[in-house]
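Notes follow once the structure below has been shown.
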Amino acid sequence: MSQTFGMEAPSGHIAHLRRERVRYVVIIDADNSAIARLLSDARQQVAEFEGGAPEVVQMVQGLIAAKVANGSEWDVALQGHSTLERLAADVYTLDL
């Protein structure tokens with residue numbers, strides 16, 4: 001006799017694609033408010049938060065910011081931001 005009491009047993013697990021891992025946190029001014037962009041190794045945006053959100057503060061706690069957002073490798077990820085905004089942006093590299 002089956003122990004499922006008439007219910008079908010669950011099927012096998014289906015693997016889903018995961019989001020890319022976050023490598024960089026860029027805190028940049030946008031229209032007089034800071035935003036935090038979470039970027040992958042390939043500098044593709046994974047998520048965006050308000051710059052002062054507790055999650056962002058916890059992610060960058062103890063890390064040292066670099067002022068490197070004006071480099072050409074950031075052009076696509078930070079398009080739409082002015083040169084001054086990019087020069088002032090804080091870039092944190094997360095240890096994986």
Accessible area of the chain divided out per residue, in Å², using a probe of 1.4 angstrom: 74 Å²
Rounded if a/c under 1.5, otherwise prolate or oblate - the chain, Cα gyration tensor axes: prolate
About the Cα centre, charge dipole magnitude for the stretch 33-96 (Lys/Arg +1, Asp/Glu -1 at Cβ), debye: 140 debye
Protein accessible area in the chain, 1.4 Å probe - carbon and sulfur %: 52 percent
Selection from Y92, H13, V56, by position along the positive dipole direction of the chain (Cβ): H13
Length added when fully stretched, A42-Q58, from 0.36 nm per residue minus Cα-Cα: 3.5 nm
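The values are calculated or read from the model by the stated rules, or taken from the named source; none is laboratory data. In this text the structure is predicted, and so the values were computed from the model without any measurement. Here Cβ is always computed from backbone atoms with ideal geometry, including for glycine, and neighbour counts include all displayed protein chains. Accessible surface areas use protein heavy atoms only, side chains included; no ligands, DNA or RNA. Shrake-Rupley method; radii C 1.70, N 1.55, O 1.52, S 1.80 Å.
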